[in-house]
1. Is one or more of the residues making up the range 20-28 touching a residue at least 24 places away in the same chain (Cβ under 8 Å), among the β-branched types (Val, Ile, Thr) and surrounded by 14 or more Cβ atoms within 10 Å (Cβ to Cβ)?
2. Has the range 45-63 got any residue that is under 12 Å from the mean Cα position of the chain (by Cα), surrounded by fewer than 14 Cβ atoms within 10 Å (Cβ to Cβ) and assigned to a strand (DSSP E or B)?
3. Can you pull out every residue in the range 101-126 that is in contact with an Asp or Glu (Cβ under 9 Å, 6 or more places away or on another chain) and either of a type in the set (Phe, Trp, Tyr) or in a loop (DSSP other than H, G, I, E, B) (or both)?
4. I need every pair where a residue in the range 132-153 that is within 11 Å of Thr115 (Cβ to Cβ) has its Cβ under 9 Å from the Cβ of a residue that is among the aromatic types (Phe, Trp, Tyr), sequence separation at least 6 or different chains.
5. Quick one: would you say Leu29 is under 30 Å from Tyr145 (Cβ atoms) and not assigned by TED's automatic domain parsing to the domain that holds Cys108?
6. Tell me which of these Ala95 doesn't satisfy, since it passes every other one: (1) surrounded by fewer than 22 Cβ atoms within 10 Å (Cβ to Cβ); (2) touching a Pro at 6+ places or on another chain (Cβ under 9 Å); (3) hydrophobic (A, V, I, L, M, F, W, C); (4) part of a helix (DSSP H, G or I).
7. Which residue pairs have Cβ atoms closer than 8 Å, lie 6 or more positions apart in sequence or on different chains, and pair a first residue in the range 83-100 that is without any contact (Cβ under 8 Å) to a residue 60 or more places away in the chain and outside the structural domain of Leu37 (by TED's automatic domain parsing) with a second residue that is in a helix (DSSP H, G or I) and hydroxyl-bearing (Ser, Thr, Tyr)?
8. Take the range 3-27 and flag every residue that is within 15 Å of the chain's Cα centre (by Cα) and either within 18 Å of Asn138 (Cβ to Cβ) or part of a strand (DSSP E or B) (or both).
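The values are calculated or read from the model by the stated rules, or taken from the named source; none is laboratory data. This structure is a prediction, so every number in the text was calculated from the model and none was measured. Please note: Cβ atoms are built from the backbone with ideal geometry, for glycine as well, and neighbour counts cover all protein chains shown.
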Amino acid sequence: MTDQEGQLPVRVTLNGQPASFLAAPRTSLSDALRDKLRLTGLKQGCEIGVCGSCTILVDDKPIRACLMLAVQADGKRIETIEGLATNGELHPLQASFQRHHGLQCGFCTSGMVLTALALLRDNPAPSRDEAREAISGNLCRCTGYETIIDAIVDPDAMRATQVGHG
């Protein structure tokens, strides 16, 4: 069923909370999250799925939000960068990125952190090569990647992700 403007209802679990919005059938999930729900931590870079800036987690998997239609998210569980901090305290992986200077301009950071979080949930102790492979689809023009890898394989970040902070 659509409303009078041809928009469809979309119901999701967003950062652990129920959320709903209306979206035109051709609206990307990245546009809906930014424009309808005001979640601007997700960045829009290339808008063709190459840069990874818009990466979010959909049912625990890293997804390019620019390539997914908002209506395809109906019934899904979505995690964005805004959902990681708890009571104003950075998630341990975010803190690791900060501690290791794994960000500069910040444009790629939310996509990098969420991609890394998915990796750590699947592989709680990745090697540097496994971390590098996991983020290979996320482009950064500032850091040279080594500090990002340092943040991902930091023992405190890995340990905290294992014990339920992520």
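1. Checked against the condition, which is being touching a residue at least 24 places away in the same chain (Cβ under 8 Å), among the β-branched types (Val, Ile, Thr) and surrounded by 14 or more Cβ atoms within 10 Å (Cβ to Cβ), the range 20-28 yields at least one hit.
2. Yes, the range 45-63 contains a residue that is under 12 Å from the mean Cα position of the chain (by Cα), surrounded by fewer than 14 Cβ atoms within 10 Å (Cβ to Cβ) and assigned to a strand (DSSP E or B).
3. His101, Gly102, Asn123, Pro126 - these are the residues of the range 101-126 that are in contact with an Asp or Glu (Cβ under 9 Å, 6 or more places away or on another chain) and either of a type in the set (Phe, Trp, Tyr) or in a loop (DSSP other than H, G, I, E, B) (or both).
4. Close Cβ pairs satisfying both conditions: Ile135/Tyr145; Ile148/Phe97; Ile152/Phe97.
5. Considered against the rule, which asks whether it is under 30 Å from Tyr145 (Cβ atoms) and not assigned by TED's automatic domain parsing to the domain that holds Cys108, Leu29 comes out as yes.
6. (2)
7. Hits for this filter: Phe97/Thr109; His100/Thr147.
8. Scanning the range 3-27 gives Thr13, Leu14.
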